1. Every residue in the stretch B:279-297 that is assigned to a strand (DSSP E or B) and either assigned by TED's automatic domain parsing to the domain that holds B:Gln250 or touching a Lys or Arg at 6+ places or on another chain (Cβ under 6 Å) (or both), please.
2. Just for strands (runs of 3 or more DSSP E) wholly inside the stretch B:224-276: which have at least 3 residues that are more than 28 Å from B:Lys53 (Cα to Cα)?
3. A:Ser200 - would you say it is of a type in the set (Gly, Ala, Ser), surrounded by 14 or more Cβ atoms within 10 Å (Cβ to Cβ) and modelled with pLDDT of 90 or more?
4. More than 20 Å from the chain's Cα centre (by Cα) and open to solvent by less than 40 Å² (accessible area, probe 1.4 Å): does that describe A:Phe123?
5. Any idea which of B:Ile265, B:Ile255 is touching a helix residue (DSSP H, G or I) at 6+ places or on another chain (Cβ under 7 Å), modelled with pLDDT of 95 or more and open to solvent by 10 Å² or more (accessible area, probe 1.4 Å)?
6. Residues that are free of Cβ contacts under 8 Å to residues at least 60 places away in the same chain: list the strands (runs of 3 or more DSSP E) wholly contained in the stretch B:79-162 that include at least 1 such residues.
7. Just the residues that are more than 30 Å from B:Asn270 (Cβ to Cβ) and not in a loop (DSSP other than H, G, I, E, B), please, taken from the stretch B:185-201.
Amino acid sequence: MSVLLEIDNLHARVDNKEILKGFSLTINEGETHAIMGPNGAGKSTLSYVLAGREGYEITSGTVKFKGKNLLSMSIEERAREGVFLAMQYPVEIPGVATSTFLKHSLNSIRKHQGLEELDTMNFIKVLKQKASELGINQDMIKRPINVGFSGGEKKRVETLQMSILEPSFAILDEADSGLDIDALKVVAGGVNKLRNDKRSMLVITHYQRLLNYIVPDFVHVFADGKIVKSGNKDLALELEEKGYGEFIGNKY
Amino acid sequence: MLNNNLVKGYKDNIKSLSFSDNELVSKIRKNAFTDFINSGFPKAYDENWRYTKQKFLKEINFKTSNHISENFIEPELEIDAYHLVFIDGKFITKKSIIPNNVEIKSFKNLIEGDDSNLLKKITNSDFVKSSPLALLNTAYLENGFYINVKKDTILNKPIHIINYSDTADIFYNVKYYINIEDGSKIDLVESCYSFKNISYFNNTVTEINIAKNAIVNHYKYQNESKSAYHVCLNKVTIDADSSYENFIMQKGGLIARNETVIDVIGENTNTKTLACYMLKGTTHSDLTTRVNHHTPNASSEQTVKGVADDETKAIFQGKVYVARGAQKVSGNQLHKSLLLSDKAEIDTKPELEVYADDVECSHGASIGELDDKQLFYLRARGIDEELARKMLVEAFLDEVLEKMSNETLRQAFVSVIKRD
């Protein structure tokens, strides 16, 4: 099994405050890892640092993705290489239709991979089929990105994007926030469908509930900027029962 | 103060204009020139010119020209329309396609047809007399149109006034005088553009009189050469039960100023002034509008949005005036803009001047930047930064374009933005 992502002793800060303090994690192809931690542990920072968002200063450490230096790539290069961040709070963009955006997005990625760009007709065909699998109606795709969507709709559209862009590595940042149980099942079902022996996922959450639906291969406890304990899916249940304090001291 | 080629060289300049030997034309020109000398250029302290320093008017060293260029490049705006074609401000009959149910007379027609009353009327309005640049326009009177849309005329296609500039270092003046009689419906489109990097000065004056129960859409695309001066004055009068919609897309020019004054003189009217600007390089764009409500029961809306990149400067001055007794008027005004560069500047001055007590008026202005979160979101899906910025700018401007009521024309403007 080959290594997809290798994070080694990563330190990162925002506004002079150190958030990641020696974070290390290796993810092989086809593995799903879950990171659980209390609020403020730095979970979202980790996902933004991996996706390349500006405003985070990497002070030391390395991140290799498919053997390449991920940290030297621009935001869009990372996406084209196969990194996908499903955001906790997907951004609303009035004036840009979801379908137009996704067409640009898919074609940017296809071009990078040396594939032929899809014309509007073929793209719409793919889009319609994937959308109906996730119970997303045609009206929503025509509407501006995320504008007026409910929490559940936003997460469904994030899942739709993932299924169209077919990344090799997906980060799901609090994929369950704002979802009721029915919406959660739809989103988790969509995600599970995308799991295969090549594609890896990093599920970031602070509740165990999501992991009943997206069952991870590994679970890591994240606190104070690094991983403090790793185990299999049972670790999540143990965390749920005992709380974070048991693992990371009474500080939380 | 007036020590300038346009003034000092006036006598020589007008010799090169057509109709110099016509007595009436000479008289009209001379009177206007005398009035212009008395009034002078707009003053440095003129509030209307606060952000566009009028100094450039005195420094321009251009001449009029009797050369007629053979070059013509089709306008960027692709629409199915009647055409009135001008090259360097000179009307080109053979390239024009004129509708047969509208009376359109070029100045040549008026002068040769000895229609002196009409000629006097369209060159001698109070508006012309009150504005130095309109006086200068009359002093150099040569090209333009009188258009009369007769009662209950519905035009099946827009009239596209195409003004292409091809010759460097010239000063030209164009005048449009448009009458729209009761019950008519007409779409007017103007394109002012050049595909050369040349300097010239386009001084255009448009007067539109809209009678009762008429619908007029008046759209304009301005993409002059990046070294050109474009100063346009529009005066519109709207009578009862009519609606007037103005849209300007402002892109080019070294200094480009569009001033629109709208007098609402009848009840139950609807006035919309929409504009967007997309500035690059060193363009200085000035949009100045004034809506005067003289009568009650009317609504007016101004929505302007734009982006300023590089070292550009964008100005929006908008005023809504409501006269005493003009009750039940609603006047809303909004200007939103984005600075895309540290060296760009945006000045905005929304104003309300209200003398009636039962009105609903509002104004708002904002200057911001592209949203980092939106930019990140698009790039995180593989879209390169340049395209992502372009998509966000288009989306920002869309809020103005979507208010245009002629859908076909709207699409033509949208395609121009997308092609950019």
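The values are calculated or read from the model by the stated rules, or taken from the named source; none is laboratory data. From a predicted model like this one, the values you see are computed outputs, not experimental measurements. Cβ sites come from the backbone with ideal geometry, for glycine too, and all protein chains shown count toward neighbours. Only protein heavy atoms, including side chains, enter the accessible area calculation; ligands, DNA and RNA are left aside. Shrake-Rupley method; radii C 1.70, N 1.55, O 1.52, S 1.80 Å.
1. In the first step, residues of the stretch B:279-297 are kept if they are assigned to a strand (DSSP E or B); the result is B:279, B:284-293.
Result: B:His284, B:Asp286, B:Arg290.
2. B:243-250
3. Details: of a type in the set (Gly, Ala, Ser): yes; surrounded by 14 or more Cβ atoms within 10 Å (Cβ to Cβ): yes; modelled with pLDDT of 90 or more: yes.
Spelling it out, A:Ser200 is indeed of a type in the set (Gly, Ala, Ser), surrounded by 14 or more Cβ atoms within 10 Å (Cβ to Cβ) and modelled with pLDDT of 90 or more.
4. Values: more than 20 Å from the chain's Cα centre (by Cα): yes; open to solvent by less than 40 Å² (accessible area, probe 1.4 Å): yes.
Criteria met by A:Phe123.
5. Numbers: B:Ile265 fails: touching a helix residue (DSSP H, G or I) at 6+ places or on another chain (Cβ under 7 Å).
Result: B:Ile255 is the single residue among B:Ile265, B:Ile255 that is touching a helix residue (DSSP H, G or I) at 6+ places or on another chain (Cβ under 7 Å), modelled with pLDDT of 95 or more and open to solvent by 10 Å² or more (accessible area, probe 1.4 Å).
6. Details: elements: B:82-87, B:103-106, B:143-149.
Qualifying strands (runs of 3 or more DSSP E): B:103-106, B:143-149.
7. First pass over the stretch B:185-201, keeping only residues more than 30 Å from B:Asn270 (Cβ to Cβ): B:194-201.
Within the stretch B:185-201, B:Tyr200, B:Phe201 qualify.
Results for (1) surrounded by fewer than 16 Cβ atoms within 10 Å (Cβ to Cβ); (2) closer than 18 Å to B:Ala380 by Cβ; (3) touching a His at 6+ places or on another chain (Cβ under 7 Å), shown as yes or no for each residue.
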| site | (1), (2), (3) |
| --- | --- |
| A:Leu134 | no, no, no |
| A:Asn146 | no, yes, no |
| A:Glu174 | no, yes, no |
| A:Ile181 | yes, no, no |
| A:Ala236 | no, no, no |
